[in-house]
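Data first, discussion second: the structure below is written as C-alpha cells.
No lab work stands behind these numbers, since they all come straight from the coordinates. Small disclaimer: the values here were computed from a predicted structure and weren't measured. Glycine also receives a Cβ, built like all others from the backbone with ideal geometry; neighbour counts cover every protein chain displayed.
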Amino acid sequence: MQYPLWIIQYWVELISIRRIRQKWAKADESLQKQSKRRHGDPGVVRDVYNALSCLPWSGKIRGFSTSVGTEYLAAYATTEWLNDEHITHMLDLLRCDVIREGLSESVEVESVWFLLKLKEGYSDQEKYTSHQSYRWIRRQGQALGTGTCEQLVSIGNDGENHWIALVMDFTRGTVFYGDSLGKKISDHLREMLDWWIHLHTGRHFDYRDLPITQQQDSYSCGLLAWLALAVFLFKGKYRLADPSCVAQERLKVLLRIAEKHHENMDFETSSHGFKFTFQ
C-alpha cells in the first residue's frame, strides 16, 4: 500500500504539536502547584495565566536577539534547566534596562557566547589579533581598553551545564565572578581573562566574588547568575532572590519576556486564531 507524500509532513507537524503541547501541559501543572503554596505571591501566578491567555501557543517569540518558539516560555514556569536561548532572553532584558537607564555607552551586556569565543581565541592566540572570526571580541576589548566602555557583564557556562556570572569593571580594574554553587573561578578561566585583559589594556586586574544567591537545587544557576548581574548594575531595582523563592522569580522573568513579546507583536498577522490554551 502506498501513502501520499504529504502524510510524512503531516506526521512531522503532528509530532511537533504534541511536543509543544506537552511542554505547556507541564508548565500548567507546575503553575497549579505554585498557586496552592503558602509561601509566595499568588498574584504572580495569576498574572502569568493572564499573560499566556493572549499568547500564541506556537510561533516565534518577538523582540529578542534569538529566534525560538513561544513554547520556550514554558520552561520558566517549571524546574527545567534554562539553556542558551533562555539565558539570551534574560540578557536581552538586562540590555534593555541598560539602555533605559542611559548606560549603554558605559556598560556592555555580552552574549552567552562571549566566554566560548574568548576560550577559542586563547587557544588560537596567533590568529586572534587578525582573524575575521575574532573581530567582534577584539572590538569589545579595544572599547574597554580605550575607556569607550567601562564595564562588560555576561553569563557563561563553565563547561558542566552550570551558569556563572561575570563582570569586568575596567574603571576599578576588577573582575567580579559569581557562582551560585559557591565555587571560586577556575585557574584556566582566570588565565584566559588575564591574557585578554592584558592584551587590550596592558593591565592586571584583581578578582573578587560577585554577591550571588547560593542555589539549593540543580536548575537555578541561570536565574541566580542573571539576578547577580542585575543587582550589580541596578541595586535599587533588583535584589538577590531567597533560595526558596526562585520559582516566583522565574515567573517574573516569564512575565517580562511575554510583555516584550506583546510589544513587538503584530496581532493581526501572527496571532489571529491561535489563542494560547492549556485545555
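Annotation: extensible slack from Lys36 through Ile99 equals 18.9 nm (criterion: 0.36 nm per residue apart, minus Cα-Cα distance). Taking segment 163-200 and a reference point 7 angstrom along Cα→Cβ of Ser65, the backbone N atoms nearer than 17 Å belong to 164-168. Here's the picture: a label point sits 7 Å out from the Cα of Trp113 along the beta-carbon direction, and within segment 139-161 the residues with their amide nitrogen under 18 Å of it are 139-141, 153-159. Dipole check for segment 6-270: with +1 at the C-beta of Lys and Arg, -1 at the C-beta of Asp and Glu, and the Cα centre as origin, the magnitude is about 500 Debye. Averaging the Cα positions of each part gives two centres, and for segment 91-110 and segment 20-51 these lie 30 Å apart. Ranked by the mean number of other Cβ atoms within 10 Å per residue, highest first, peptides 101-111, 217-227 order as 217-227, 101-111.
Each of Ser180, Ser186, Ser65 was scored by other Cβ atoms within 10 Å of its Cβ. Arranged with the fewest first, they read Ser65, Ser186, Ser180. Its alpha carbons considered, segment 61-159 gives a radius of gyration followed by a Dmax of 15.5, 45 Å. Estimated from helices alone, the mean residue ellipticity of the chain at 222 nm is -15500 deg cm²/dmol (sum of -39500 (n - 2.57) over DSSP H runs with n ≥ 4, per residue).
Ranked by how many other Cβ atoms sit within 10 Å of their own Cβ, fewest first, the residues Tyr177, Tyr238 fall in the order Tyr238, Tyr177.
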